[in-house]
Amino acid sequence: MTPRPVACAAPGCANLVSRRSGPGRPFIYCSPECRPNQSRRPPIRVEVDHPDTSPDGRPVQRVWTVRLRRGRQVVVIANDLGWPSANALAGELSDLLRPSSRQKGGTIE
């Protein structure tokens with residue numbers, strides 16, 4: 001009995017995938033282009049912005065929120081910070097996520 005073809009598992013792809021009957025895992029993608037790849041994930045961005053409301057009554061223009069975003073995923077790191085603290089934290093997060101080749105200091109000899 002020949003296995004029935006199934007739809008490709010990639011979102012938006014309607015191509016059919018032939019299932020093999022031999023050993024090993026069956027194919028679920030129609031081509032290498034449809035296979036998920038970690039390098040295609042959106043980058044993580046550090047955002048500094050005003051919150052919608054301030055819990056302690058300060059004007060929202062004077063409080064800041066730091067968050068990480070990748071595509072539609074969002075993680076709030078800190079709320080209700082002052083401008084210097086929010087920007088310092090955002091800078092440290094950016095350095096952590098994308099270390100530059102010009103880091104401070106050097107090798108100890």
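The values are calculated or read from the model by the stated rules, or taken from the named source; none is laboratory data. All of these numbers come straight from a predicted model, not from anything done at the bench. Note that each Cβ is placed from the backbone with ideal geometry, even for glycine, and that neighbours are counted across all protein chains shown.
Among the residues of the range 7-60, those that are within 27 Å of the chain's Cα centre (by Cα) and acidic (D, E) comprise E33, E47, D49, D52. Residues in the range 17-74 that are in contact with a His (Cβ under 9 Å, 6 or more places away or on another chain), modelled with pLDDT of 90 or more and of a type in the set (A, V, I, L, M): V63 alone.
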